[in-house]
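The values are calculated or read from the model by the stated rules, or taken from the named source; none is laboratory data. Predicted model only: the values in this text are computed from it and were never measured. Heads up, the Cβs are rebuilt from the backbone with ideal geometry, glycines too, and the neighbour counts pull from every protein chain shown.
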């Protein structure tokens, strides 16, 4: 049920791109207005991450994810019934806000219900299922739009969101029975918990590393991956889009594979280093090598997608580096930082492309960000797949 909420949220993140033509014609707007409408989801999701983490740390997964899924459903219904672009823009605002709570709630739930040595596996499965939502928003949704209106598709998604919201509220529990009671949020409330999370030095190397892999990938795959192929390699939009779909598939499978492998080895840092190195190699290859639009291009796209799967290990390493009572807040800060970087990189990438510098220098921008991430990994701490002892957590909270 929780994974279903996350999958549905990813569907809402990518479905507007598939239904862009129908949305534009029905609402009577051009590309710029449609782009602004879709961007609301990303910006609201980013801004809401930290407050969402604070809410989940205080009130738990059950009610927060249930409420978040209901807000997401309200956003889907608003978009489906909108008759103007102004009203339609409220839809992505609500889906972004709702999904932010769903994400941190699931991460908190995984930490409470599964053994520490399995956290990488569980996080990988979660990310794989979520990526399934992005894939469903592509070709399957395009097939549906040939038979039904976009309004009907989003209305059905809204109904599914309501059903999942009720199911979570009825069935999900925050912690297993007889589990140790988690320490309270630091005295001073949620803001004190946020300050405690921000003071954890383990957060920042992981944040920079994940920006270099996952942040660059989301910025590229979400907007520039297709235009690069159509404008520089002469591919059709349909064929170029298949590259992005394949890359997302590699990313999803990679999230699961790296989580399982990291758990079995009992290490985090070697995987952080390897994936950061892959990101540098992938972006450098796209920037400077004379790759073709066949297997060479697919291989480089797949390499940056596989590197982005680092996020599974980053989440696990951060969860193991902070006290449990601020874990959701810390994860929210990490996720918010990555999405903020992606949101900033997208227009910056476009500015470089539009300048005389062109695509090569725009891709070099990604290389630079990935290099910063690779350097940051050197300052990360090996957790050995073990969470902080309870005593350490309490001591950290009291500082």
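Structure summary
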read-out	value
Residue list for segment 230-249, restricted to those being outside any helix (DSSP H, G or I) and at negative phi	233, 235, 236
Top-ranked residue in segment 130-151 [being in a loop (DSSP other than H, G, I, E, B) and in contact with a helix residue (DSSP H, G or I) (Cβ under 8 Å, 6 or more places away or on another chain); ranked as surrounded by the fewest Cβ atoms within 10 Å (Cβ to Cβ)]	149
Matching entry among 276, 293, 314 (being modelled with pLDDT of 95 or more and under 29 Å from residue 136 (Cβ atoms))	314
Among (1) modelled with pLDDT of 95 or more; (2) surrounded by fewer than 22 Cβ atoms within 10 Å (Cβ to Cβ); (3) closer than 18 Å to residue 213 by Cα, the one test that residue 246 misses	(1)
Enumerated helices (runs of 4 or more DSSP H) restricted to segment 10-82, each holding at least 1 residues that are assigned by TED's automatic domain parsing to the domain that holds residue 140, within 23 Å of residue 129 (Cα to Cα) and touching a helix residue (DSSP H, G or I) at 6+ places or on another chain (Cβ under 6 Å)	31-59, 61-81
Selected residue (only one of 99, 94 is buried (at least 20 other Cβ atoms within 10 Å of the Cβ), at pLDDT 95 or above and within 17 Å of residue 15 (Cα to Cα))	94
Residue 356, sole failed condition from (1) without any contact (Cβ under 8 Å) to a residue 40 or more places away in the chain; (2) outside any helix (DSSP H, G or I); (3) crowded, with 18+ Cβ neighbours inside 10 Å	(3)
Scan of segment 268-307 for residues that are farther than 19 Å from residue 364 by Cβ and surrounded by fewer than 21 Cβ atoms within 10 Å (Cβ to Cβ), ordered by number	269, 270, 273, 274, 292, 293, 294, 295, 298, 299, 302
Residues within segment 9-27 that are more than 13 Å from the chain's Cα centre (by Cα) and touching a residue at least 24 places away in the same chain (Cβ under 8 Å), tallied	9
Options 102, 85: the member that is within 25 Å of residue 245 (Cβ to Cβ), assigned by TED's automatic domain parsing to the domain that holds residue 13 and in contact with a helix residue (DSSP H, G or I) (Cβ under 8 Å, 6 or more places away or on another chain)	102
Residue satisfying condition, being surrounded by fewer than 16 Cβ atoms within 10 Å (Cβ to Cβ), in a helix (DSSP H, G or I) and at pLDDT below 95, within set 122, 170, 104	170
Residue within segment 107-118 that is more than 19 Å from the chain's Cα centre (by Cα), over 30 Å from residue 265 (Cβ atoms) and free of Cβ contacts under 8 Å to residues at least 60 places away in the same chain present	no
Test for residue 364: is it assigned to a helix (DSSP H, G or I) and either within 21 Å of residue 250 (Cα to Cα) or modelled with pLDDT under 95 (or both)	no
